[in-house]
1. With a bin width of 10 angstrom, please list the P(r) values of segment 19-74 as percents of all Cα-Cα pairs, from the 0 bin to the one holding the largest distance.
2. Rounded to the nearest 0.05, what FRET efficiency do Y68 and Y36 have when you use their Cβ-Cβ distance and R0 = 35 Å?
3. For an R0 of 25 angstrom, estimate the FRET efficiency from the Cβ-Cβ distance between F57 and R15 and round to the nearest 0.05.
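None of the figures in this text is laboratory data; all of them are computed from the coordinates on show. Computed from a prediction, not measured in an experiment: that's the story for all the values here. Cβ placement follows ideal geometry from the backbone for every residue including glycine, while neighbour counts extend to all protein chains displayed.
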Amino acid sequence: MAVIDKTHQQPKNYRSVLILSVWGYVIVIFSFLLLYLGKLLDEFLNTSPNFMLGLFFIALFIGIGKFYKEAWLKRKDV
């Protein structure tokens, strides 16, 4: 019975590692998307790098925070 549980546990661990590795792509795509949106807002409102940098750092903080939360919850399963 322990052998069956161990073999079923291994794909679950691989899946959780894969989910955590995807967060890098999510952080990059989300931050560049908000960077571009901030650039458009800055051009429209004529406020040089304010919105561009602000939205970029907000995206970084949110992305890293969600990654940290997901990793913290997954550490209990490992």
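1. For segment 19-74, the pair-distance distribution reads 27, 41, 21, 9, 1.
2. Numbers: r = 25 Å, r/R0 = 0.71.
With R0 = 35 Å, the Cβ-Cβ based efficiency is 0.90.
3. On the way: r = 31 Å, r/R0 = 1.25.
So, using R0 = 25 Å, E works out to roughly 0.20.
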